[in-house]
1. Under 17 Å from a point placed 7 Å out from the Cα of PHE404 along the Cα-to-Cβ direction: which residues of the range 344-381 have their backbone N that close?
2. With each label point set 7 Å from Cα along the Cα-Cβ vector, what nm distance links TRP350 and ALA336?
3. Once amide H atoms are placed 1.01 Å from N in the peptide plane, what residues at a sequence separation of 5 or more from SER390, or on another chain, have their amide H within under 5 Å of its amide H?
4. Of the peptides 619-631, 243-255, how do they stack up when ordered by the mean number of other Cβ atoms within 10 Å, highest first?
5. Put a dot 7 Å past each Cα toward the Cβ at LEU153 and THR633; how far apart are the dots in nm?
6. Taking 56 Å as R0, compute the FRET efficiency from the Cβ-Cβ separation of THR412 and SER328 and round it to 0.05.
7. Under 5 Å between amide hydrogens, which residues at least 5 positions from VAL358 or on another chain qualify, with H placed 1.01 Å from N in the peptide plane?
8. Efficiency by 1/(1 + (r/R0)^6): what FRET value for MET488 and ASN219, r their Cβ-Cβ distance, R0 = 41 Å, to the nearest 0.05?
Amino acid sequence: MSFPQFAFNNIRRNGRAYIAFFLSSVFMVMIFFAYAVFIYHPYVTELPMGDTTATGMQIASIIVYVFAFFFVMYSISAFLKSRNKEFGILTILGAEPAQIRRLVILENMLIGCLSIIAGIGGGMLLSKLFLMLTTRFIGMDDLPFYFPVKAILITIGAFLLLFFCISLFTLVFIGNKRTLELLTGTNKPKKEPKASWFFSLLGFALLTVGFVVLRNGLNGGTIMIAAVTGIAGTYFFYSQLSVLIIRLLKRNRKTVWHGTRLLWISEMSYKMKDNARMLFMVTVVIAIASMSAVVILSLDQENREQFTNNDFAIKYNVYTPSDQMDMSYIDSTLEAAGLSYQQVYLEYFWSDADQSAVSVMPLSHYNRFNAIQGKKTFQLDSASALFVDSRNEKDQDQIDRNRFRNYAEGETLTLNLEDGSLQARVTATDVEPRFATLIYSTGVVVLPDEKFEEITQQFNANRLSGKVLYQIPAWGHAVPDRHSSEAMVSDQLLSSADTIRSDNASDENYSGFLTTRYGDFERYRQGTALFTFLGIFIGLIFSISSASFLYFRLHTDLEADGKMVHSLSKMGLSFQEMKRSSTVQIAILFFLPIGVAIIETLVVVKPFLTEFGITNYTMPVLTVFGAFVLAQTFYFIIIRSRYIASLRKMMV
C-alpha cells in the first residue's frame, strides 16, 4: 500500500468525523464559485446595477473566503487533537515525525481537492439557477448561461492555496510530542474546571459597558467600543462566568441532587470550559448574521410601509415656483394609459413661529389637499391662522422639543419674517402626518390666500418651494409587480423626466425634478435586495458551519463520554436516563449560543434602527430568529440521534 493510499484509507475510515467538515467545505466552495460566475459574466456590466451587484458579490466572496479559512483551520485542529492516540501508535510502529506531518498534509489536501471538485461540480449544475435567482431577486434582466472558465480557475486556485496554507499551519498543533503523550490522547484525567471571580466580573462588566454605550448615541467611537467590549465580554461569559454559575449551582444539593441533574450539571461544567472557544465563535457568527439580516429586513419593511402610506403616486418637486407650470406631459401620459387622476399643487416656504420650525402655505392649497382625500375644508379670516400638527408617530419622541410647539385653538402665534413678524390667532387646528414626508415639516401654519400672497411678494423667489401631487385611485396602495400599470407608467415618466424639464424651460426661474412612488420604492428595494440576497447565502454558510463546529466537538468528546457512559451503565444507568442527560447537554450546547446571540442582536439593532427612524422591527426579528432556531433545531435532531446511537453501543 502506497503512502497516498494509506492517507486515503485514513479518510475513508474516519468518514463519520470528516463528513460534516467535507459537506460544509463543499458548500463554501459552491457559494464562492457561484459568486465568481456572476462577477465574471461577460454581460453583467451591461445591466442596470450590474457593476454595483458585481462589487457586492466580490465583497461577499471575500467574506466567504475569510470565514472558510478560519472554519477549515478550526476543524482540522479539532481533528488532529482527537487523533493523538492514532499518531502515537504510528510512532511506535516506526513512523517518523516528518512522515506524520506528510500524512496530515496529504489528508488535508485530498479532502480539499475533493471539496473543490464537488463544490465546482455542484456550482456548475446550479449556476443557471443562481444567475436566474440573482437577476429576478434584484430586479435585473436575465443573464444567459456561459462556461465560466475564469471562475473555475479562480475558485480552484483560491481554495487550493487555502487548504495548503492551513495544512502547513496546523502542523503546529502536532508539534514534537512524546509517544506517551500521544498515546494518552484525550484519556488524561481532567481537573475540575475553575473560574476566576475577577475575569467573570470583568466579562459581566464588559457586556454592561457595551449595552450602556449603545444607549448613549451611535457614532464611530461608540460602535467600536461596543463591538470590542461585546466580543470580549462574550468570550469571558463562556470561559469564566458560565463555569462560575454552574459551580455555584452545584453547591445547592437540594436542586442538583435529583434524578439525572447531578450527571448533566456536573458534565456541563467540563463541557462549558472545554467548548468555550467554540461556543464563543458560534455565538459571534450567529450574532453577526442575525444583526445584518434584521437590519436589512427592517429597511425593506420600512420601504414597503412608506409605499403603502403614500397616497400620491407621482410627485413633481418644484424648486422655484412660477405662475405657469406645464404638467401636460404627465397629464397626457396618464390619460393615454386610461387612468383617472386628481392633481393638487402645494406652495409653501419655511419659517419659524416663536422659534418653532414650521412651513407656511395658503389656505386654498391646503383645502384642495384635504378635498381630494375626502377630509373637511376650513375658512379663515384675515387675522387668523390654522395650525397643522404634521408629526408622524416616529417623530413624536425623536423631535427636538425646542424646535416644535403644538398650538391650541385660541393661542396667538408669531411668525418671524425677513422684514419683521406677523401675529395671527389660531382659530383651528388639524393633524396631517403626511406632511412629514411630503414637505419634510413637523408643523404647518396655514394662512388666508391674501395674507400668504402679501408675504411672498416681498420674498426672494428662491425661498418658495412647491410640489405637484397626483393621486391615482386605480393604483391603490398595494405594492405592485414589475409588469403592473403603475410600474410601466412610472418607468415611462422617469425616462422622460428631461422632457418635462425642457417643456418648462421658458421660465428661467423654474426648475424641479420628478419622482414617482414606484420609482422610489424600486430604487430602494434594489439596493436592499442585493444585500438581502448576499446575506441569505452568507447566513446559510454561518448556520451550517456553526452546526459543524458543534458536531466536531461532540465527535471529539465521544470517546471520553462513551467510557463514562459504559462505567455508569455498569452501576445501573438506564438508556432512558443516559438519553435524557445527553439530550439536555447537547441542547444547551446548541441553543445557548442562539439565546446569547438573540440578546446581543436585540441590544445592537434597536439603537441602530432608531437612528434610521425605524421603530417597528418585530416581524424582521421574529423572521430571522425563527429561521436560525428552526435550522438549529434541525441540526440538533440529526446530531443528537447520531450521538445517542453511538453512546448506546457503549452501554452494558
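1. Label zone hits: 351-360.
2. 3.7 nm
3. Under 5 Å from the amide H of SER390 lie the amide H atoms of GLU432, GLY443, VAL444, each far enough along the sequence or on another chain.
4. Details: 619-631: 16.6, 243-255: 13.6.
Those peptides, ordered most packed to least, come out 619-631, 243-255.
5. 4.9 nm
6. E between THR412 and SER328, to the nearest 0.05, is 0.80.
7. SER351, ASP352, ALA353
8. After rounding, the FRET efficiency stands at 0.40.
Read-outs: derived from the displayed coordinates by stated rules, not from any lab. Everything quoted here is computed from the prediction, not taken from an experiment. Note that each Cβ is placed from the backbone with ideal geometry, even for glycine, and that neighbours are counted across all protein chains shown.
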